[in-house]
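The block underneath contains the structure these notes are about, expressed in structure tokens.
Rule-based calculations on the coordinates, nothing more; no lab input. Being a predicted model, the structure only gives us computed values, none of them experimental.
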Amino acid sequence: MLGNNQKLLGFLILITYMLILLGNGINLCIISTNRHLHKLMYILICNLAVVDIMFSSTCCTTMISVLLAEIKTVSYYSCISRTYFYHLGDITVCMALS
């Protein structure tokens, strides 16, 4: 179905995933090391960065393994755990923003 573009799409998702991890990691490091940024607004930003990492890790890792490693099956326990963490992120965002 994807043909020749499968590897290209996999690399684009991999690069995007690495940039998400890098950006959120830098965000977390800067806010946690600077004492002047220990305010409620920055704690909310840290929580949202952790949730963004959680969302990215649940979705992108499966797509990368399917597109680049050509692993076409996902185990039941892996699927259930990814679904659990995805919905945990949803609940965390709802609780943080309300």
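Computed over the alpha carbons of the chain, Rg followed by Dmax gives 16.2, 52 Å. Given a 10 angstrom Cα cut-off, can you work out which residue in 75, 57, 65 is the most mobile in a GNM of the chain? Comparing 75, 57, 65 in a Gaussian network model of the chain, the most mobile one is 75.
Of 14, 22, 40, the residue with the greatest mean-square motion in the GNM of the chain, using alpha carbon springs below 10 Å, is 40.
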